[in-house]
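Colleague: Attaching a single structure in structure tokens format; questions to follow.
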Amino acid sequence: METITFSGLSKSYGRVPVLRQVSATIGAGQVVGLFGRNGVGKTTLMRILYGMIAPDAGSAALLGLDPQTNPVEVRQRVALVSEECHLYPWMDATTLEAFLAPLYPKWDGALFRQHLAGLEVPADRRVDALSRGTKRKLMLALALASQPEVLLLDEPLGGLDAVVREQIVTTLIQSLTDRGVTIFLSTHEIEQFAKVCDRVIILSHGSFLVDRETADLTAQVRRITATLEHPVEAVPAHPKILSARVHGTQVEFILDGYTPELVTAILANYKVREHAVTGLTLPEIFITFTSKDTGR
Amino acid sequence: MKTLIMKELREHGLHVALFLLAGLGSILLLGLFKQLDHEIVLTLLFLFEAPLFTILLGHHLIQSEVKQGTFPSLAALPVNRWHLWIGKLMAALGICVLVYGVFYGLAIMAGAPACQIDLGLGERAFWIVPWLQTRGLPVFTPGLLLFWIPLVLLTASFWGSMQPAGVPAFEAIIGVVVIWLLWSQRILAAMHLPLALGILTIAFLISSWFTFRRAELLTDPWRVGRALLSLIVCLALGGGAWAILDQVADKRLLAGRMDGRIQVMDDGRGVLYTMRTPAEWFDPLQGLGILTGDINDPDQFDHFRCLSQEQGRTIPRQIGRRGLTDPLLSPDGQTMAAVALTRAPGIRTAPRLVLADRRTGAIHSTIDHQARPLAFLGTRDRLLYLRYTHQTGDGGIATELCVHETGKSPRSIYTAIDERPFNLQALYLPCLNRLLIQPPDRDSLWFLSPENGELASSPFRGWNWIRKVWQDERLALILPESEEAWWAVEPGREPRALTEVATTTRFLGRDAKGRLLCVLEVPAPEPHGLPEEVLGIFDPATHRCQPLPENAALRLNGLICGLSRSGRYLMTCPASQSTGEGRVIELETRKEAKVTLPREVVTNIYSVARDGFLVFTERQAWRHDPETAETVQIASFPEPMSFWTIESSLATF
């Protein structure tokens, strides 16, 4: 069953388009990473899905509910951990629990205190006395205590130390997906989340450049390095070549949709002494795609 | 909802505590400096501290969220916007109730009288701050101070708190300027304040809801425009509701009591008068003194209406809008001078003296302000009126007699200055083209020229001294109260006492030959008999009254008499008896005709048209035309009319 569906979503701030008719469907239990450069609209998409802002066009549904027309029910079942801390500075964790618990039908106080202990968040210290990272951990604990069916994470690792990052990325997210919680996260920490994301979406200039299973992406995007007999000026153009570099007799290009036959076809007009095919990391794939995209 | 309200209460708890301490501290300071007067306490607590707190609280409701950066968190809660908006408002109202309640207790402790707190819908004033009242501010009733003003301040600042920083301050400045303008024009003092504040409150609430609901994270720069536009729409709708209520109140003719004089119009086919009717619960305006336009009686919640009753209509007809009062018909009966109290729907302004159409009440022109008509001086183009003007400096009030002439500027012909206004009376004597007035600093009546304001002494000792007046263009006959003698006033001669004319003589008018007819007492024909009343004639040469020989057999004992303007007919009705009958006698032929009247005591017979009579009984007015022998009812009055009520109305005295 699709837990997150959006179709043709568009949003502009004044004359600046941020999202241009983006569409996707995310199934239950999936972990989907939304990657993009600063200011491309990741947070905007998160807020639209959560019903905090309205799109200019298009529709969205979480757990079959429209967040614009059913915001209360959506938010009782979907949690959003945003990039910035919007907690009341005068409250502490205990006060926050007293404030929020009545609003969520599935609130689990014991689970909240368990997460507080696990993430080492003091329960009696005011929010404005917490460090940035601790605030983020508190926000995470609050979100998890409501036992959401869908978790929207906007830069979930900001300000966290390496130990906690690892804890969140591997242990926490794993346990959530084991329970069937769908996770849709936006982040710059591509490398950190590469190992847990089932699917990758790259947002650039308002559109989805990439929307694929992680395994498919890493399998299909490859770097080809070839040594030629004679130096060449340039690599022949091909729609599947994402980027290319020539240095004397060394030719290197990144191919989307790698197959040996395709490599052979591209190098057919050259006298190739030898060539190698290597994989790219997800960050490298991200850089390659976003560097190529100049906006349409 | 409960959790939202509790959160607001916790968030503002410190502010509440500080304000309560400030209130208590200010009271203690007053006590320390021996200034603990309950009027000062009321002013300090309810006109400064509590309103300031209310404004800050309202402004803080949303702005605190914006400044703390918690509005997105609030917007992200699984609570719909309606609950968020209501929760904040409910919490703020609860806090205000607490603060105002404590301040109320402090005021009582400081000596303010305890009062029943209602919503100001027609209640009587209880808390009055005199030094503000003298400056023309509305009377601050408990309902206003403790309910309506805090409500409108809270909702206004709540609305302002949803707008970008700096904009509410700008809007507040505009609001203060508007209030100052309304105050300077006395409009604030003359509105139905609870209703106006209620409309404002609703407008701010709807506008704030519209802004809050549509402004997603309060980052949209167009929310100011939306807020202002929605406020304008709401105020327009509120204004429409106000106008509708005003129309409803205007059309509801409630039973009331007659106030002021009765005017006869259309040759006796109608009468015009002022009716004082109680205001509806949605209609009362702050009391505004009719004479001076000052707030002098907050209990005045009556409306004045100009009504006419006419032949062929069974119910009275309102002339013009309510608030048109004190009508005075012009000699030709087509125009009336009146006092207009209402300028805009539901707003009573300082009284204006106007000329209006007698039939529709449509106002032609405004002659002056804070003035009322006294008399037309012979023609419709000359009007004598009374005007009140506040004097700068010592603050006294000038009472002026003024004359308005068509095509000319009004001129003042007499002025008296004192702390309080005078109710100057004036009697116009057309035979002399002079006015009789009693200057406040004199003990007797004086002649005053309406042309140049020249004063000349008269032999008459004062208004209480005059019992009756009969006059026409040639002669004025004045009867003093002390029953000394009638006095004659004529052009070219000094006023003289008519020692030969009995004080029981009643002057009727001139007959067809121009002779002045009267009813005079003659000795009884037999010894020890009662004097008889007969028709007589006043001889201007001898200054005596003689019985009319040709009507010697006409006995008028115990009869009220009226002479038609043509002098041809005499109408008589028994005085003090409700026989239901009258008589009309054609003087030349001595033909008599019976007139059927209602079985009520006849109080006055007034001549109308050429030959007609308007007969006033206790509660009715009937018109009789001797030519056609037709008798029709013209009016019925809500309360019994005495002889003196009609007499003083119909006479120019």
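Colleague: Taking the beta-carbon count within 10 Å as an exposure proxy, list B:Ser230, A:Ser146, A:Ser23 from fewest neighbours to most. Walk me through the numbers before you get to the answer.
Modeller: Details: B:Ser230 20, A:Ser146 24, A:Ser23 14.
Arranged by neighbour count, lowest to highest, B:Ser230, A:Ser146, A:Ser23 become A:Ser23, B:Ser230, A:Ser146.
Colleague: What order do you get for A:162-171, B:160-169 when each peptide is scored by the mean count of other beta carbon atoms within 10 Å, highest first? Could the numbers behind the result be given before it?
Modeller: Details: A:162-171: 14.9, B:160-169: 17.5.
Top to bottom by mean Cβ count within 10 Å: B:160-169, A:162-171.
Colleague: Per residue of B:67-75, count partner chain C-beta atoms within 10 Å of its C-beta, then hand back the mean as an integer.
Modeller: Counting other chains' Cβ atoms within 10 Å and averaging over B:67-75 gives 5.
Colleague: With charges set only on the Cβ (+1 for Lys and Arg, -1 for Asp and Glu), what does the dipole of the protein assembly as shown come to about its Cα centre, in debye to the nearest 20? Write out the running numbers ahead of the final one.
Modeller: On the way: 90 positive and 96 negative charges, 276 e Å.
Here the size comes out at about 1320 debye.
Colleague: Arrange the peptides B:146-155, B:558-567, B:521-530 so that the one whose residues have, on average, the most other Cβ atoms within 10 Å appears first.
Modeller: Numbers: B:146-155: 22.9, B:558-567: 20.5, B:521-530: 10.0.
Going by the mean number of other Cβ atoms within 10 Å, highest first, we get B:146-155, B:558-567, B:521-530.
Colleague: Beyond a 24 Å Cα-Cα separation, which of these cross-linked pairs lie in this structure: A:Lys42/A:Lys292; A:Lys11/A:Lys240; A:Lys135/B:Lys7; A:Lys135/B:Lys67; A:Lys135/B:Lys2?
Modeller: With Cα atoms farther than 24 Å apart: A:Lys11/A:Lys240; A:Lys135/B:Lys2.
Colleague: About the Cα centre of chain B, how large is the charge dipole given +1 on each Lys and Arg Cβ and -1 on each Asp and Glu Cβ? Please answer in debye to the nearest 20.
Modeller: Details: 61 positive and 64 negative charges, 377 e Å.
Computed charge dipole of chain B: roughly 1800 debye.
Colleague: Mind ordering A:72-83, B:17-28 by average Cβ neighbours within 10 Å, highest first?
Modeller: Ranking, from highest mean packing down: A:72-83, B:17-28.
Colleague: With only alpha-carbon pairs counted, each pair once and no self-pairs, how large is the Kirkwood hydrodynamic radius of the protein assembly as shown in angstroms? Mind showing how you got there, number by number?
Modeller: Details: mean 1/r = 0.0274 Å⁻¹.
For the protein assembly as shown, the Kirkwood estimate is 36.6 Å.
Colleague: For B:His303, B:His38, which order do you get if you count the other beta carbons within 10 Å of each Cβ and list the fewest first?
Modeller: In order of increasing Cβ crowding within 10 Å: B:His38, B:His303.
Colleague: Would you calculate a helix-derived [θ] at 222 nm for the protein assembly as shown, using -39,500 (n - 2.57) for each DSSP H run of n ≥ 4 and dividing by the full residue count, to the nearest 500? Could the numbers behind the result be given before it?
Modeller: Working: 22 runs with 274 residues, N = 949.
After summing the helix terms and dividing by the residues of the protein assembly as shown, the value is -9000 deg cm²/dmol.
Colleague: Another question about this same structure. Lysines within cross-link reach of B:Lys251: Cα-Cα under 29 Å, excluding same-chain residues under 8 positions apart?
Modeller: The qualifying lysines are none; the list is empty.
Colleague: HN-Hα J couplings of the range A:54-62 from phi, Karplus 6.51/-1.76/1.60, θ = phi - 60°, integer Hz, Gly and Pro as x?
Modeller: 3J(HN,Hα) across the range A:54-62, in whole Hz: 9, x, 6, 8, x, 9, 9, 8, 10.
Colleague: When you look at the Cβ of every residue in A:81-92, what mean number of other chain Cβ atoms sits within 10 Å?
Modeller: The shielding value for this peptide is 4.
Colleague: Any lysines with Cα under 23 Å of the B:Lys513 Cα? List them, leaving off those in the same chain fewer than 8 positions away.
Modeller: B:Lys591
Colleague: Under a cut-off of 18 Å between alpha-carbon atoms, report the aspartates and glutamates in cross-link reach of A:Lys106, not counting same-chain residues fewer than 8 places apart.
Modeller: Qualifying aspartates and glutamates at Cα under 18 Å: A:Glu73, A:Glu97, A:Glu149.
Colleague: Among B:Met571, A:Met52, rank each residue by its count of other Cβ atoms within 10 Å, from fewest to most, as a rough exposure measure.
Modeller: Values: B:Met571 26, A:Met52 20.
Going from least to most buried by this count: A:Met52, B:Met571.
Any read-out appearing in this document is the output of simple, stated calculations on the displayed coordinates, not a laboratory observation. Predicted model only: the values in this text are computed from it and were never measured. Because the Cβ atoms are built from the backbone with ideal geometry, glycine has one as well, and the counts that use them run over all protein chains shown.
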